[in-house]
1. With r defined as the distance between the Cβ atoms of Ser242 and Val153 and R0 fixed at 41 Å, what FRET efficiency is calculated, to the nearest 0.05?
2. Take each of the peptides 323-329, 309-315, average the number of other beta-carbon atoms within 10 Å over its residues, and list them starting from the highest.
3. Which listed residue (Ala332, Tyr259, Pro298) has the Cα farthest towards the positive end of the charge dipole for segment 232-353, taking +1 on Lys and Arg C-beta and -1 on Asp and Glu C-beta about the Cα centre?
4. Within a 10 angstrom radius of the beta carbon, how do Leu20, Leu155 rank from fewest other beta carbons to most?
5. Roughly how many nanometres apart are two label points built 7 Å out from the Cα toward the Cβ at Ala46 and Ala24?
6. Provide the FRET efficiency to the nearest 0.05 for the Gln138-Asp337 pair, computing r from the beta carbons and using R0 = 35 Å.
7. Among the lysines, which fall within straight-line cross-link reach of Lys226, defined as a Cα-Cα distance under 19 Å, with same-chain neighbours fewer than 8 residues apart omitted?
8. At a Cα cut-off below 17 Å, give the lysines reachable from Lys59, other chains included and same-chain residues fewer than 8 away excluded.
Amino acid sequence: MPKHIVRLMLLVAVAAAAALGAKAYFTDKSYYRYGHYRGDSVAEIAGDTPRFRGNAYCKSCHQKQYAAWEGSPHNNPAAGKHVVCEVCHGPVGPHPSTVATPSFDERIALGSRAAVLTDKGAPSGQSSLPRDKTLCIQCHEAMPGRPSAQRQVALAAHSGTAECSTCHDPHEPKIYFSNLQAPPKGNVQAGKTLAAQCAACHGPAGHSVNPEWPNLAGQHAGYLLKSLQAFKAGTRANEMMSGMAAGLSDSDMENLAAYFSGESCKKSAGDPALAALGKARSNTCALCHGAAGVGGNPSWPNLAGQNASYLTASLKSFRSGSRSHPVMTSVAKTLSDDDIDRLAVFYASANCK
């Protein structure tokens, strides 16, 4: 046999022996214990902390948040809605063994959406949960093809630039009035005495003498207080009201709000046909101001029984930008002149009691 053939065969044999030796050396000794896989992996997998732990794991430490979620539209399996904790918070992983998993608000502040966790439960690398409303709109922004059973909102008309958490608890997405401004506790009698300064424009009991000016009787005390504070601070512009509010103390404003909110409001007569058209268009306003202009949020104004001329002027000022509000500015831009006139007549003639 030629020498070069012998040398080639020896080289192949040496390579084969080296390969067999490497295989024996590098193959885990437990590889064939239970079949064609590494036997020791069974115990390791069984002892590993799962990435997703389920809601029951969260409940023991977060009972308040769990209770809010449990009774909310986010937990309605019969309707196909079952938004579990880890959908928003990310996989629990080994939390809380070492480092606490960030809360919803903390995760927003961190800017994490992917909720990628290290083995210690803390966010790793750059997180991507948006700092704004984009977590909610992943499911709730109106677009073609989404299930009709899933609440959808047209963002521009619904909230403008305001964040979802302004009105909604992430665990219980209905509007949560309890966390918004509580009604002020002013002295009604002291407020009545102070109200003499307001009577020239707003009437002796909050019923305006001029349809261009707002009625104050029966209005939410929280909204009245916020308005006076805004006039005094200059964040809401009105030359006359800014001058009037400048001399009021905090207690004065609380007393005035308590007095006017306790007075009886009155509706005005209006064209029934226009009012009917306004009612048909009022679905845009109902979420914040109630189905008939009497809302549940003390920080937002009741519209029922308000002067039609004042409502018309207010909506047009929001639409033009001369008066600014993150929600109302966006909503008003969706309204035509006819819409505004009809809505004003509807709310002015609505029962405010």
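1. Details: r = 35 Å, r/R0 = 0.86.
Between Ser242 and Val153 the formula returns 0.70.
2. Values: 323-329: 15.9, 309-315: 19.6.
So the order, starting with the most tightly packed, is 309-315, 323-329.
3. Ala332
4. Details: Leu20 10, Leu155 16.
By the 10 Å Cβ count, ascending: Leu20, Leu155.
5. Taking the simple label geometry, Ala46 and Ala24 are separated by 3.1 nm.
6. Values: r = 36 Å, r/R0 = 1.04.
Step by step, r from the Cβ atoms, then E = 0.45.
7. Counting by Cα, and skipping residues close in sequence, Lys226 has these lysines nearby: Lys185, Lys192.
8. In chain and number order, there are no partners.
Throughout, read-outs are computed from the coordinates displayed, never taken from laboratory work. Model, not experiment: these values are computed from the prediction. For neighbour counting, all protein chains shown are included, and Cβ atoms are generated from backbone atoms with ideal geometry for every residue, glycine included.
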